[in-house]
Amino acid sequence: MPADSLLIALPLIIPLFGVALLLCLRRVPERYCLGITVGLCLLLTAASAGLVAAVVQDGVLVLRSGAWPAPFGIALVADRFSAAMVLVTAVIGLAGAIYAIGHGTAKFRGFFTPLYMALLLGVNGSFLTGDLFNLYVWFEVMLMASFVLVALPGGRPQLEAAVKYLVLNFIASAFFLVGLGVTYGIAGTLNMADLAQKFATLEDPGMVLTSATLFLIAFGIKAGIFPFYFWLPSSYHVTPTPIAAVFAGLLTKVGVYALIRVSTVVYTGQQDFIQSILLPLGILTMITGVFGAASQFLIPRILSFHIISQIGYMIIGLAFFTEAAIAATVFYIIHHILVKSNLFLVGGMVGRQLGTQQLKRTGGLYKTAPIMAALFLIPAMSLGGIPPLSGFFAKFALVQEGILLGHWIAVAAALAVGLMTLYSMIKIWNEAFWKAPPVERSAPLSRIPVTMWIPVIGLAACTITFGLFPGVFFEFAQDAAAEIMNPRAYIEAVLLPAELLDPGEAAAPAAAEAARAIEAAEGIGADAPAPAESAPDQPSLP
Amino acid sequence: MEILLPIAIGVLFGCGCYLVLRRNIVRVLLGIMLFSQGANLLLFAGAGLTPGAPPVIAGTADTFDGPYADPLPQALVLTAIVIGFAVLAFAIVLVLRAYQRGGSEDLDDFHHSEN
Amino acid sequence: MSDYSTSILPPAARLLVPVLYAFSIFLLLRGHNLPGGGFIGGLVLATALVLRVMVQPDKAPRLDLIVLAGIGLMVALIAAAVPLFLGQELFTGVWGPEFALPLVGKIKLGTVLVFDIGVFLVVTGVAAKILLVLLAQLLSGQTAPRRRS
């Protein structure tokens, strides 16, 4: 067996190894730690690419931790969507780590690299898990790392941002827990595939809708959708650039991923309800986010508000709930992660060169740094949806599907918000690059280290590749959407009965032992591997 | 007996909600504490109660004899408590630092990250 | 300014700390089938370390507690990943011989015990670190805001 298992496990083992190693190397100078981090991220990228290749070839892969059969143990599941997300996470992780070398991480007092790896660990775990409680644990791993990363620089803005970020996300976690309690009360299981089957045979839909709503609130806060996004624009922009870029690319998308996963696997019978809530919320998310951005003059803050408005597109894609719309959403998510992280990185370069990211005090970079201007223009135009860049194809597919389905309000909002996004990007372009530099330049222009250029150029190249060969990526997104919308294969792969496991495997005795234990317990009397799984960051089994 | 748990959960959530909406940061902290305790209790109660039957197989037997409490939610609650403990420990230090740094415990003064 | 050098606490701590050390190991080893385990054992050990520092502030642990947590994480990771390289699934228990210890009872060697030791080290390191940082704050009396003049 273990080739597949190893491929699924590596995206978790590599960052966890990184956390452990880098904690031990705390006294070692930071530049060596950053070098190790970059090396590990390269490994992670290679391993994730291998996972994507394996998933494309063999379909859904499942790792049953401890060889416990599915609803009793924790299953880690990789399908096209989750594998692609893991790969994008690795790419962003790599970009952020390289950028951090040039940016400097002295403010983090030696804790930058272990926390950074813990963040990637939590994100990868959230993408790969097939169990709702395990998802909660991975969320917490990710959030814990991000809380500390926000607070550690220790200035007054960072501490205050961390308080807001922590309180709102803690409340989201409480909602998540309540949802888990209700769900377990209804179905007696928290494995997503098992839940899908249990919910399909349930007579009383009332409690199912309750649990769906609770999850919607919990994931909605993490994803930053309309009434719950206030924590986002008041915390991201105070963090140092590499962290802000990774947060902007990945954290909200984990929430979106969870929404898509849960509503397509578990709540397939509640489509109408989910659609009726998500569609208006998605439209409002787009509009409020983009208006928020229009009134801002600090580059990362503008970009933070644009995360919200772009999340809106993904949410309406999910709310359309057709295969083509989900395909567009998958494409949109991957495009957005690459582009948004890149914009934050370029914004950081502007700040590095001029000593400020406040648009009222910037200017003239078009003349002094033409390459930087070009590198800003690529992701900015992509975000605004200008052909032939990736954002155009993402928006095009989404709007086309909206027209076919007759969701006119959503289509109109999507187009108008696209225009407003372009306006915001042009505002940054005008103020930072195009206009004459302000008369009193406080500090001389600083040099940009080469380690800042590499990730920005690399991510821009990704965006252009997406734009030049959209067919390849769209085909992948369509296959992924087909898997998402027909969760049969997912459910069957996870719930494979114990006797169907290859008896020649070395794991068979353990599986048989597990089956016996289950028989004896008539249900759930297993050794609860659930909390043991959580041990990477939060050792938990007294 | 079972009616007591929903009442306790309701009281915890009610008090938590009230405290979270206060301006004093320490009360907000207490509020989210109560909130998470309410959530833990709900997770525990959601699985149903089987009093007086711990999920432990007697020393002489091979299997369970009669009904027994579902151990999984207990394990889940334990995990949730530990995670909540870790987050709260961090939150307390964070609030202390923010107070030292800014000199205020009023959330209305927490606007330095907004511009 | 808090002062723990009263006439009761130091003698009591001198008696308690060794007992707590032994008790934490006891809890760690019996944890697989009986109440106890790495988590509880780690908490008890962390309490012992903190109690020692409370009465003798110069006796801070010499090993960096964060490094201790890192080592523990590594041990746990190895325990979880070893079965993967023996052709079994992640987290599968790989068992060795069983033997009996006085007081503790039967102990079965295996990756599960190694994992528990990893948890023990992580919890000890993190819990002791949190408590010592808060204690240092308390002892230096620096809980009031540093007002700018």
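Here the Karplus relation 6.51 cos²θ - 1.76 cosθ + 1.60, evaluated at θ = phi - 60°, turns the backbone of the range A:252-261 into coupling constants of 5, 5, 5, x, 5, 4, 4, 4, 5, 4 Hz, with x for every Gly and Pro.
The distance from the alpha carbon centre of the range A:295-310 to that of the range C:15-64 is 49 Å, rounded to a whole number.
Applying a DSSP loop filter and a limit of 16 other Cβ atoms within 10 Å to the trypsin sites (Lys or Arg not before Pro) in the range C:56-149 leaves C:LYS59, C:ARG62, C:ARG146, C:ARG147, C:ARG148.
For the range A:190-202, putting each phi into the Karplus relation 6.51 cos²θ - 1.76 cosθ + 1.60 with θ = phi - 60° gives couplings of 10, 6, 4, 5, 5, 4, 4, 6, 5, 5, 5, 9, 7 Hz, in residue order, rounded to whole numbers and with x for Gly and Pro.
In percent, rounded to a whole number, the relative contact order of chain C is 30, using alpha-carbon pairs under 8 Å and six or more apart. Along the range A:15-20 the Karplus relation, 6.51 cos²θ - 1.76 cosθ + 1.60 evaluated at θ = phi - 60°, assigns HN-Hα couplings of x, 5, 4, x, 4, 4 Hz to successive residues, with x for each Gly and Pro. Centroid-to-centroid, using Cα positions, the range A:392-463 and the range A:318-342 are 17 Å apart.
Under the criterion of Cα pairs below 8 Å and six or more residues apart, the relative contact order for the range A:2-533 equals 18 percent. Counting only DSSP H runs of at least 4 residues, each contributing -39500 (n - 2.57), and dividing by the residue count of the protein assembly as shown, the helix-based mean residue ellipticity at 222 nm comes to -23000 deg cm²/dmol. Helix A:508-521 axis versus longest C-alpha principal axis of chain A: approximately 70°, rounded to the nearest ten. Take the alpha carbon atoms of the range B:90-115, find their center, do the same for the range A:69-116, and report the distance between the two centers in whole angstrom. Distance between centres, Cα-based: 29 Å.
Since every read-out is calculated from the coordinates, none of them should be taken as a lab result. Just so you know, these numbers come straight off a predicted model, no measurement behind them. Note that each Cβ is placed from the backbone with ideal geometry, even for glycine, and that neighbours are counted across all protein chains shown.
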